[in-house]
1. List, in the order given, every pair from LYS352/LYS383; LYS184/LYS307; LYS211/LYS526; LYS89/LYS134; LYS184/LYS304 whose Cα-Cα distance in the structure shown is over 30 Å.
2. Could you provide, to the nearest whole Å², the per residue accessible area of the range 32-125 with probe 1.4 Å?
3. Counting only Cα atoms, I'd like the Rg/Rh figure for the chain, Kirkwood definition for Rh.
4. So, R0 is 56 Å and r is the distance between the beta-carbons of GLU226 and THR554; what FRET efficiency does that work out to, to 0.05?
5. Quick one: what are the phi-derived ³J(HN,Hα) couplings along the range 95-112, Karplus 6.51/-1.76/1.60 with θ = phi - 60°, whole Hz, x for glycine and proline?
6. Suppose every Lys and Arg Cβ carries +1 and every Asp and Glu Cβ carries -1, with no other charges. What dipole size does the range 377-526 come out with about its Cα centre, to the nearest 20 debye?
7. Put a dot 7 Å past each Cα toward the Cβ at ALA61 and ASN187; how far apart are the dots in nm?
8. Output wanted: per-residue J couplings in Hz (rounded whole) for the range 536-551, from phi through Karplus 6.51 cos²θ - 1.76 cosθ + 1.60, θ = phi - 60°, x for Gly and Pro.
Amino acid sequence: MKEDIKQRIDAFRSLMKESGIDAAIIPQADPHMSEYLAPHWQVRRWLSGFTGSAGDLLITADKAMLWTDSRYFLQAANQLEGTGIELMKDGLLTTPSMTEIICGLLPSGATVGVDGMLMPSQQLRALRADLAVKGICLDCRFAPVDRIWTDRPDLPEDAVYEHELEYAGESADSKIEKILAATKNANADAVLMSALDEIAWTLNIRSWDVKYTPVATAFFYITDRERVLFINPAKITEDTAAYLMRTGVEVRPYSDFQRFLELLPQSVRVLVDESKTAGAIIDILGERAVDGGTTVATKLKSVKNDKQLEGVRNAMIRDGVALVKFFMEFEDRFNAGEALTELDVEAILHDKRRSGENFMDESFGTIAGYGPHGAIVHYEADKESNAALQHKSLLLVDSGAQYLDGTTDITRTFALGVPTEQEKNDFTLVMKGHIALATAIFPEGTRGAQLDALARQFLWKNGLNYLHGTGHGVGFFLGVHEGPQSIRLNNVEAPLLPGCITSNEPGLYRENVHGIRCENLVLTHKVMETEFGTFLGFETLTLCPFDRSLFNTTLMTSEEIKWVDDYHAMVRERLMPHLGMPEQRKWLSEHTQPLNK
């Protein structure tokens, strides 16, 4: 495989030379600026061999470098070894940016190539300006990969289906009316949607073009008079065609999209989010484009309605029941001496979830990291890496499901033997941060960056840290990661609004030793109003016990211990009526007992 990567890069360099390109940027992106990509758009993965969901590749005549974030440092180092591609650890103060490297390597008059359909307009504009300072040109039409990727997958043709109102809680017509009202307020005539999750949410449609994420590859253009969906017609079933017709949506081929934009009258003002719309699309629109910042659909879909929240709570119960059954089977087989591996953990967990009502798929590839593998934040076991589990160390399991009535995401870390003092101390420090965030009360308008330190403070006091964000938004039978809100060190302007679902997942990762992450999903809700304004807090939605053997209660306050006990009591109360077997109820009762002080 490593030799294949070298040959692909050499072939790509030949195309660069032929086109007069001195350096090429290959983003991990599709024309919709998606986080997770359909196989057709996995160009960077194909060229580099690195399978992480984040990371951009730079190729010059004699160098290849890949930038990715802390979630993938260990994974990328392993996958890039022997390929000739240098890992650049993005986010570290010592790591130069891709633009800095380009300007340092190339002389004035050189040309950098990139496919303008794979980079958002804001980023493309900034790149062009930075390169121009050095006299370097940017060619945004460099997209030659089809000439060497001869077996490139076609665009997906999975069928589109309606996500029914009994789950969605609001009709497509109602959502479009809200979007158009905001469009007029922005002095625009039309709105263009590129983001696949926004289109799926707006139209109450779903498909499986992207693994684990129920979206359809499409663009959507809306005015007072037009609702045009650009999509592969082969994806539209008879039932879906009838539904879209009732909703007033015209279906046109996906390939017609750019020509449609070119023919729009120059007087039309089209509302876009330039941070999430491809630069090539903005170039076509020209002065017709109106940058409205974060799209209305993104803001609206982040706040779940009452019907969705009812569904999410029901989905959490089913997910919790599946997890109880998983832990029981895993413990029985492991304690009986059966040889189990990380892949066995994934298989058992998937089997328990898929038997539940409304289950559609996992919400991402399960991370089952044993011992040192747990320190690889986005580890995914395969046949080569698959570790045998032993009666020692820690097992980190990060998993989730897509149900018709909600999306789940949970991480639990548990001991496979008698935990060591370091394992217990590390786990407890992480949990103290988890509890601090779960119990936070904050004024309306607070952003995630203002809360992030709550989850890190106990680690920081001991000279410890983690480099990933503490929380991400979660969709409703959509992307397991969604904006606009997040909880992380760097500031994101979007406040935490009532009705938003966000993860609470601090962690700690000791390279070549173990990884710890403790994750629940939380709902922002109103707590109180005083003369000082409205104050918000979090309701924990996830229902699954933590490993009680890993708590060092001597490091905990009485309030923290009470939080764990109260949480376990809630888990027991909500799951117990849904467990049909006496042994299941016994297991849950034993694993939700108060902590030993």
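1. In this structure, LYS211/LYS526 exceed 30 Å between Cα atoms.
2. 39
3. 0.97
4. 0.30
5. With coefficients 6.51, -1.76 and 1.60, one gets 9, x, 6, 4, 5, 4, 5, 4, 5, x, 8, 9, x, 4, x, 6, 10, 9 Hz.
6. So the dipole magnitude of the range 377-526 works out to roughly 460 debye.
7. Label at ASN187, label at ALA61, 4.9 nm between them.
8. Values, residue by residue: 10, x, 10, 9, 6, 9, 5, 10, 6, x, 8, 6, 5, 5, 9, 7 Hz.
The values are calculated or read from the model by the stated rules, or taken from the named source; none is laboratory data. Note that this is a predicted model, so its numbers are computed, not measured. Positions of Cβ are generated from backbone atoms using ideal geometry, with glycine treated the same way; all protein chains shown enter the neighbour counts. Surface accessibility is based on the protein's heavy atoms, side chains included, excluding ligands, DNA and RNA. Shrake-Rupley method; radii C 1.70, N 1.55, O 1.52, S 1.80 Å.
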